[in-house]
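Working notes for the structure below.
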Amino acid sequence: MPETSPASVDLSALSSPVSKDEAAQFRSAARASGGRWPSPGMPFIVLIAWILAAIVVLGVLLPSLADANPVGAVVALLVAAAIVVGLITARIVTSRQRWATWLRLDRFARANGMVFTAQADAPAYPGSIFQVGTERILLNRLTTAAGNPGRFTDLATYRYVTGSGKSREVHTWGYLAIRLDHTLPHIVLDARSNNGLFGATNLPAEFSRSQRLSLEGDFDRYFTLYCPKDYERDALYLLTPDLMALLIDEAQDFDVEIVDDWMFVYSMQALELSSPGVARRMFRILSTVGAKATGRAERYGDDHAGSVAGVVVAPGGRRLRRAFPALGLVVAAVIALWWLVPLLWGQMQP
């Protein structure tokens, strides 16, 4: 989309009323288009299954209950009917609200030169959060419309799954992706505010501590900076004092990753882009942090690349080295000792 300022983004569609007929017309057109639309709330087939199960249970238990306690049977029947009506009503209301939200997002996208997609497969981005898990999908995605002048931008909620069975876990992120004009060294700004116990990173990738770089002022209070070895000067060139100030002011609770010709801003929560406040903030980050970073990227050149034809960033700067999983090994060792020591002690007894 074109370079924007927060004031130039038209947010009116996100708060405008949507009538029942407008939502229904949008739903019909959307389904006819063949796009992917997540099920709004409880799937209809599941709802029918619950209702049928309730009828079967009542059919078996109600006659016996009626003989023993007629009043109790009537109360049970009324409660069951209320539950069924409540389930049907909740699904109808949820469906209407979801389609009204999607219509607002679609109108917002069109008003700002973007395209709205309710659900899509996750793209093959080089960012850290896109390299793990299975069942990767995007929800409520806004991307720059084809043919629209300006820089490609992508905002969405991203979900993926790790583990299986009882260890299955669904991970949810929000992200802003900005396409850069040139490939840059791999740089990660790990926000301190969203880290876990003992400062452990919330990112699915952990990077070697030897690649940490301390910056001037109080920037280190908000972010831990990682850059490849021998690329410290490059990181200082890209992260100017005014850009660091913008990161603190606008994005101190977001993680930031620059990799290849992309800049990613990660949120640990879903991006509720239908909220005018959330949309305003993300476009403010785009127009401040994003604009300043892309401006520096335009003038960057990697001195390490030398005279190698076609090389924009030398191999040593393209990817950060991952950390040795010391904490995981320590936990595994403690668990092993917990089981092994009593076993050995028992064998040593006469």
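In the condition set (1) of a type in the set (Lys, Arg); (2) at pLDDT 95 or above; (3) assigned by TED's automatic domain parsing to the domain that holds GLY35, ARG159 is compliant with all but (3). Among the numbered conditions (1) at pLDDT below 95; (2) touching a Pro at 6+ places or on another chain (Cβ under 8 Å); (3) over 22 Å from ALA13 (Cα atoms), the only one that ASN148 does not meet is (3). Within the range 268-287, the set of residues being within 20 Å of ARG221 (Cβ to Cβ) and crowded, with 19+ Cβ neighbours inside 10 Å comprises ILE285 only. The sole residue among ASP230, ASP220, ASP253, ASP242 that is closer than 25 Å to ARG281 by Cβ, in contact with a helix residue (DSSP H, G or I) (Cβ under 8 Å, 6 or more places away or on another chain) and either surrounded by fewer than 15 Cβ atoms within 10 Å (Cβ to Cβ) or of a type in the set (A, V, I, L, M, F, W, C) (or both) is ASP242. State yes or no: is ASN195 in contact with a Ser or Thr (Cβ under 9 Å, 6 or more places away or on another chain), surrounded by fewer than 20 Cβ atoms within 10 Å (Cβ to Cβ), at pLDDT below 95 and polar (S, T, N, Q)? The answer is yes for ASN195. Remark: pairs (first residue in the range 220-242, without any contact (Cβ under 8 Å) to a residue 60 or more places away in the chain; second residue outside any loop (DSSP other than H, G, I, E, B) and charged (D, E, K, R); Cβ separation under 6 Å; 6+ apart in sequence or on different chains) = THR224/ASP190. Filtered by the rule that a residue be of a type outside the set (Phe, Trp, Tyr) and more than 17 Å from PHE152 (Cβ to Cβ), the range 250-272 gives GLU250, ALA251, GLN252, ASP253, ASP255, VAL256, SER267, MET268, GLN269, ALA270, LEU271, GLU272.
One residue is enough: does the range 202-209 have a residue meeting the conditions of a type in the set (D, E, K, R), surrounded by 13 or more Cβ atoms within 10 Å (Cβ to Cβ) and in a loop (DSSP other than H, G, I, E, B)? The answer is yes, given that some residue of the range 202-209 is of a type in the set (D, E, K, R), surrounded by 13 or more Cβ atoms within 10 Å (Cβ to Cβ) and in a loop (DSSP other than H, G, I, E, B). If you go through the range 282-302 and keep only what is without any contact (Cβ under 8 Å) to a residue 24 or more places away in the chain and either part of a helix (DSSP H, G or I) or in contact with a helix residue (DSSP H, G or I) (Cβ under 7 Å, 6 or more places away or on another chain) (or both), you end up with just GLY295.
The values are calculated or read from the model by the stated rules, or taken from the named source; none is laboratory data. Everything numeric here is computed off the predicted structure, so don't read it as measured data. As a convention, Cβ positions derive from the backbone with ideal geometry for all residues, glycine included, and neighbour counts pool all protein chains shown.
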